[in-house]
Amino acid sequence: MYRVFAIIAIVIASFGISQAYSQELQFATFQEMGQVLIDQQISNNVTASITLQSTSNQEMKIPSDVEQKIRDNPQIISVILTNEERCILGVFDQACVLINVTQHPDWKGINSIQDGTRVIGDSLIDDINRVFDTNAEFHSVYIHHSDEANKLLDTSGVVSGRGTVSAVYVMPLEDTMSMYEKISSILIPKVIRDSGGFYENAKKMSSDSNASMTFSIIPRDNASLFQLKLSIDYPNAADKVSTIKPLEFLHADELRRSSYFSGGFYPLNSLLQVVILSPEPTNVEKVRGNLMDTHLIDGEKIPTDVTQTGWIFDPESGEKIEGKFLFGKESIVKSEDLEFTLTGFGGEFTEKPIIENDDVEENYESMIIVAIIAIVAIGAALYYLKGYRKSA
């Protein structure tokens, strides 16, 4: 996952790859992604989300001086603004700004870690408050301890994990609908907001009582990754799921691509992903829609023809299943065309109780990761592009 972030940071606005198609395959810095995580291993929750992301501060309007200030400090892993409930252990009914850093080798002992982290956080919080018209004030320094969710979800410590420390700033909690409207208006140019697509789905989802909003800045050497995410959590719902109907969790009958991509062929800039974490091995069965033809490059399934519409499951069996849906030349997909079923290796899928984690702190860290990061979808298109570049 970490190498994917590095690749993202140097992606240019768009580029073509010669293929035997009637249109030239292109890839833009702006991406829209839907994701459903069915977590039967950690939280027993289903988390559905829409993420809009870009490496261009023309598409996510963060002032260049603020972005540069973040990237100039090699200890800063990410800067996160969220109204996720209990964004960190000890915070209740408040929105948060988390400035996540790596521990410095010279920080010896808890007091040194706390003091050093706060110095970094304080150097940025006024800029963050200015950009987002917020008034976040210092709350605490939180030292992360758990690596469980990082290993399962391949997040590589971008939000939490051993060696990560958060300077936590809090502000009054705002309802998700109004917060998403405010932050998206600040960040996203009108031309993108008026282009519909996944952004419209996220706006509709924001009215759900279990919805939350997160904006993340993830610095890299030559650019930063900006992510605006709207997510809904369905508590204790994962172990009841065997037939997967992704759009039901996204409150939609159909998923429509943004018309922002209508000027060319950008099949990899709109993706839907489903991740299932199961306590026992399972298989994908009874897929309603099309299964795409693939070939293996560096051990990963790459579609042989991105003009086609359909699913790629990689892996399609085991304790972690990941499916990606590509639109191809289509602009809309209906809910019924996305359904598929899970079964156990020995026959019908049987639900097993979730193994409970008695460590409350680790459970909270798992919740933070699930709520904030677009777990695997973030790099899907770039892996595919890497594959096409190799095979061209």
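When the range 293-326 is filtered for residues that are surrounded by fewer than 19 Cβ atoms within 10 Å (Cβ to Cβ), assigned to a strand (DSSP E or B) and touching a helix residue (DSSP H, G or I) at 6+ places or on another chain (Cβ under 8 Å), the ones remaining, listed by number, are His295, Ile297, Glu300, Lys320.
In the range 313-339, which residue that is among the basic types (Lys, Arg) and at pLDDT below 95 is nearest to Gln40 (Cα to Cα)? The qualifying residue nearest to Gln40 (Cα to Cα) is Lys320.
For the range 42-88, residues that are touching a Lys or Arg at 6+ places or on another chain (Cβ under 9 Å), crowded, with 20+ Cβ neighbours inside 10 Å and in a loop (DSSP other than H, G, I, E, B) total 1. Ala223 meets each of the listed conditions (1) in contact with a strand residue (DSSP E or B) (Cβ under 7 Å, 6 or more places away or on another chain); (2) crowded, with 16+ Cβ neighbours inside 10 Å apart from (1).
Count of the range 105-123 residues, restricted to those that are more than 27 Å from the chain's Cα centre (by Cα) and basic (Lys, Arg), is 1. Only one entry in Val97, Val101 is of a type in the set (A, V, I, L, M, F, W, C), touching a Phe, Trp or Tyr at 6+ places or on another chain (Cβ under 6 Å) and either surrounded by fewer than 16 Cβ atoms within 10 Å (Cβ to Cβ) or under 26 Å from His139 (Cα atoms) (or both), namely Val97.
Scanning the range 278-292 for residues that are of a type in the set (D, E, K, R) and either in a strand (DSSP E or B) or surrounded by 13 or more Cβ atoms within 10 Å (Cβ to Cβ) (or both) returns Glu280, Glu285, Arg288.
Considering the range 104-127, the residues that are closer than 20 Å to Thr214 by Cα and of a type in the set (Asp, Glu) include one that is surrounded by the most Cβ atoms within 10 Å (Cβ to Cβ), namely Asp127. Checked against (1) farther than 30 Å from Ala252 by Cα; (2) buried (at least 21 other Cβ atoms within 10 Å of the Cβ); (3) at pLDDT 95 or above, Tyr142 meets all criteria but (3). Applying the criterion of at least 1 residues that are of a type in the set (Ser, Thr, Tyr) to the strands (runs of 3 or more DSSP E) found wholly in the range 167-267 leaves 211-219, 224-234. If you filter the range 239-266 down to residues that are at pLDDT below 90 and surrounded by 14 or more Cβ atoms within 10 Å (Cβ to Cβ), you find that the one that is farthest from Lys334 (Cα to Cα) is Asp239.
The values are calculated or read from the model by the stated rules, or taken from the named source; none is laboratory data. Every value quoted in this text rests on a predicted model; they were computed, and no experiment measured them. Note that we place each Cβ from the backbone using ideal geometry, even for glycine, and neighbour counts take in every protein chain shown.
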